């Protein structure tokens with residue numbers, strides 16, 4: 001029988017995204033509900049193998065759901081994972097939830113690769129993080145598929161730099177080269193030709209985009225082989241406790257100095273115009289600074 005994962009989140013976009021991620025775990029049935037009452041109803045019909053819940057949603061909170069389940073011997077042992085933006089705003093909350101017995105506490109926004117690895121670890125499912133990302137089959141704020149990158153023209157390099165800036169500003173991410181979008185939302189693994197692999201070497205890649213982003217963002221690249229094809233994984237780090245900005249622009253790439261770029265929920269790199277998105281970026285920056293302060297001198 002398939003394993004059953006219950007996802008509790010009242011944001012339809014995030015709930016749908018989490019459900020799609022969880023659905024990629026082999027042999028898993030996922031049900032998405034929006035509040036504690038629906039969650040308890042689903043649990044009474046079938047005991048989940050795992051519950052993934054936000055904290056703040058309609059009615060009683062995810063923490064209250066956790067407490068109810070832990071108080072009942074029939075449900076006390078169900079693994080419970082919290083996924084919430086509250087953790088970003090209150091770093092001490094993470095420790096409190098672990099002390100209460102949560103299996104994992106994941107702040108929003110989260111890294112797709114780390115989320116999948118965490119869930120598979122809890123379910124004792126074999127995991128190869130890079131292959132999992134390659135086979136995921138849909139893009140997100142921190143995952144982008146490309147068939148190839150235009151590294152030969154200035155406009156192409158500027159466009160790549162903009163993608164790097166956008167991902168850095170939402171906490172980092174991965175671009176996988178060698179995956180063709182045959183139609184919107186449908187991806188095919190085609191690989192990178194051997195004679196193109198040298199273009200994606202880490203030092204060369206950073207040198208090509210440095211005129212647009214400076215040395216503030218240093219990406220890394222790695223070639224992964226899967227079923228006789230090569231794929232390039234480009235890792236973009238988080239901008240940390242600051243914002244990544246272009247130091248020079250290019251009109252044809254729609255890259256301009258002085259503007260803030262991020263990644264949308266539709267997996268596009270765009271100029272940030274919405275005040276809520278700016279607030280989320282500032283939350284991440286403040287949280288990173290608080291964590292660094294609490295960690296003390298290295």
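The values are calculated or read from the model by the stated rules, or taken from the named source; none is laboratory data. Computed from a prediction, not measured in an experiment: that's the story for all the values here. All Cβ positions, glycine included, derive from the backbone under ideal geometry; neighbour counts span all protein chains shown.
Would you mind finding the one in 72, 23, 67, 11 that is under 25 Å from residue 171 (Cβ atoms), out of contact with any strand residue (DSSP E or B) (no Cβ under 9 Å at 6 or more places or on another chain) and surrounded by fewer than 17 Cβ atoms within 10 Å (Cβ to Cβ)? Result: 11 is the single residue among 72, 23, 67, 11 that is under 25 Å from residue 171 (Cβ atoms), out of contact with any strand residue (DSSP E or B) (no Cβ under 9 Å at 6 or more places or on another chain) and surrounded by fewer than 17 Cβ atoms within 10 Å (Cβ to Cβ).
Looking only at the stretch 1-23, residues that are in a strand (DSSP E or B) and under 20 Å from residue 108 (Cα atoms) come to 4 in all.
Residue 149 meets each of the listed conditions (1) in contact with a strand residue (DSSP E or B) (Cβ under 9 Å, 6 or more places away or on another chain); (2) assigned to a helix (DSSP H, G or I); (3) in contact (Cβ under 8 Å) with a residue 40 or more places away in the chain apart from (2). Scanning the stretch 117-132 for residues that are touching a residue at least 60 places away in the same chain (Cβ under 8 Å) and in a helix (DSSP H, G or I) turns up 119, 120, 122, 130, 131, 132. Annotation note: of 243, 282, the sole residue that is under 20 Å from the mean Cα position of the chain (by Cα), at pLDDT below 95 and surrounded by fewer than 13 Cβ atoms within 10 Å (Cβ to Cβ) is 282. Residue 262 meets the conditions (1) in contact with a helix residue (DSSP H, G or I) (Cβ under 8 Å, 6 or more places away or on another chain); (2) surrounded by 13 or more Cβ atoms within 10 Å (Cβ to Cβ); (3) more than 17 Å from residue 173 (Cβ to Cβ); (4) modelled with pLDDT of 90 or more in every case but one. The failed one is (3).
For a quick check of your reading: which helices (runs of 4 or more DSSP H) sit entirely within the stretch 24-116 and have at least 3 residues that are out of contact with any helix residue (DSSP H, G or I) (no Cβ under 9 Å at 6 or more places or on another chain)? Answer list for the stretch 24-116: 36-45, 91-100. Residue by residue through the stretch 141-156, note down the ones that are surrounded by fewer than 23 Cβ atoms within 10 Å (Cβ to Cβ) and either in contact with a helix residue (DSSP H, G or I) (Cβ under 8 Å, 6 or more places away or on another chain) or closer than 20 Å to residue 255 by Cα (or both). Correct list: 143, 144, 146, 148, 149, 150, 151, 152, 153, 154, 155, 156. Take the conditions under 23 Å from the mean Cα position of the chain (by Cα), surrounded by 13 or more Cβ atoms within 10 Å (Cβ to Cβ), modelled with pLDDT under 95 and within 19 Å of residue 102 (Cβ to Cβ) and apply them to residue 52. Does it pass? Criteria not met by residue 52.
Which of the following residues is at pLDDT below 85 and at positive phi: 85, 27?
So the residue among 85, 27 that is at pLDDT below 85 and at positive phi is 27.
When the stretch 194-223 is filtered for residues that are touching a residue at least 12 places away in the same chain (Cβ under 8 Å) and assigned to a loop (DSSP other than H, G, I, E, B), the ones remaining, listed by number, are 201, 214, 216, 217, 218, 219.
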